[in-house]
Amino acid sequence: MKNVVFYGGGSISQAIIEGLIGSGFNKENIFYVDRNSTNNKKLKKLKIRSFKKNNKTKVDLFILAVKPKDAIDAYKEILDQHKNPKVISLVAGIRSKKYINFDKKIEFLRAMPNTSSKHGLGITAVFNSSFTKNNLKKVLIFLNKVGIVITVDKESKIDTFTGIIGSGPAYFFHLLKSYERKLLTISNGDKKMVNEVMSNLMKGVGMSIEKNSNLDNLIRAVASKKGTTEAGLKYFKSNKLGNIFEKGLSAAIKRSKEISNEF
């Protein structure tokens, strides 16, 4: 994949673009379509060019990354202006069938990345609808530039992935707000130091998981009998924190499914 156009220049597009640039992908081959002034400023700061209607550049891949309510109109615009485009949709909820019904010859697939793509640590789920085997391989190589790629065999699994992984970074950021509040009380308000502490904490957790995938063993390694960790864990368990968190994940998955019925 050489020339790529992002239809929609919001947060997820910006994250992927920054990840691509960080991986060595030539920014001269990245374009965007977006009317939002804030997104325009951010992308121009990255030196990414706007893709004009009369642009004669051969586009190898269109990435649809708009809000669900705008997705079908944006997709129609791509079909109207470009012959036999290859399209990846990053739009939550809307099923492949809705798009393919407009033109069954189009190569189309759905992908759900997360914002960690910005750092080359993204996790992207892919469900292929109609890409040829050869072109799918090229897309997977392209997406691997910003992290790991998981191919799913059923489109319904994209909804689960959306609720858990696509939204995942925000859940961790939300939990870290509690750490931030406590740490600020012992750091005399030194926000920079607090950010470094939280960053190291998460990096250490990630490295521990890579070396030992058994989460129960990792918990036991930290929690000594009658110690501080055990006290905290007991409180979390007695207040059913795990159940609450799982219900939150289920709510996100449910919402992804609801979106597909709305559009």
For the table Lys44/Lys145; Lys52/Lys76; Lys137/Lys157; Lys138/Lys203; Lys47/Lys118, the rows whose alpha-carbon distance is greater than 24 Å are Lys138/Lys203
Restricting to lysines and to Cα separations under 18 Å from Lys56, and discarding same-chain partners fewer than 8 apart, the set is Lys2, Lys27, Lys83, Lys86
Treating every alpha carbon of region 126-178 as one equal point scatterer without solvent, the Debye formula yields log10 I(q)/I(0) values at q = 0.16, 0.30, 0.31 Å⁻¹ of -0.60, -1.15, -1.16
Place a point 7 Å from the Cα of Asn101 in the direction of its beta carbon; the residues of region 247-263 whose amide N falls under 14 Å from it are 260-263
Expressed in angstrom, Rg and Dmax over the Cα atoms of region 49-197 are 19.0, 62
Only helices counted: for the chain, with every DSSP H run of 4 or more residues adding -39500 (n - 2.57) and the sum spread over all residues, [θ] at 222 nm is -16500 deg cm²/dmol
Plugging the Cβ-Cβ distance of Asn239 and Ser213 into 1/(1 + (r/R0)^6) at R0 = 25 Å yields, to the nearest 0.05, a FRET efficiency of 0.40
Counting only protein heavy atoms with a 1.4 Å probe and every protein chain in place, the carbon and sulfur fraction of the accessible surface of region 68-168 in whole percent equals 53 percent
Per residue, accessible area of the chain with a 1.4 Å probe, heavy atoms of protein chains only, in Å², comes to 61 Å²
Contact order relative to length for region 34-132, counting C-alpha pairs under 8 Å separated by 6 or more residues, stands in percent at 19 percent
The distance between the Cα centres of region 44-91 and region 128-187, in whole Å, is 22 Å
Relative contact order as a percentage, the chain, C-alpha pairs under 8 Å and 6+ apart, gives 17 percent
For Cα extents along the principal axes in Å the list reads (i) 55, 41, 39; (ii) 60, 43, 35; (iii) 68, 37, 32; the calculated value is entry (iii)
Highest mean packing first, using Cβ neighbours within 10 angstrom, the peptides 222-232, 108-118 sort as 108-118, 222-232
Kirkwood calc, region 141-256, C-alpha pairs only, radius in angstrom 17.1 Å
In order over region 131-136: 3J(HN,Hα) from phi, Karplus 6.51/-1.76/1.60, θ = phi - 60°, whole Hz, x for each Gly or Pro, gives 5, 5, 4, 5, 6, 4
Ranked output for segments 153-162, 34-43, 170-179 by mean other Cβ atoms within 10 Å, highest leading, reads 153-162, 34-43, 170-179
Here the percent of antiparallel bridges among DSSP beta bridges lying wholly in region 50-197, to the nearest 5, is 25 percent
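The values are calculated or read from the model by the stated rules, or taken from the named source; none is laboratory data. Everything numeric in this text was worked out from a predicted model, so none of it was measured. Counting neighbours? That spans all protein chains shown, and the Cβs are built from the backbone with ideal geometry, glycine included. Remember, those area values only see protein heavy atoms, side chains included, never the ligands or the DNA or RNA. Shrake-Rupley method; radii C 1.70, N 1.55, O 1.52, S 1.80 Å.
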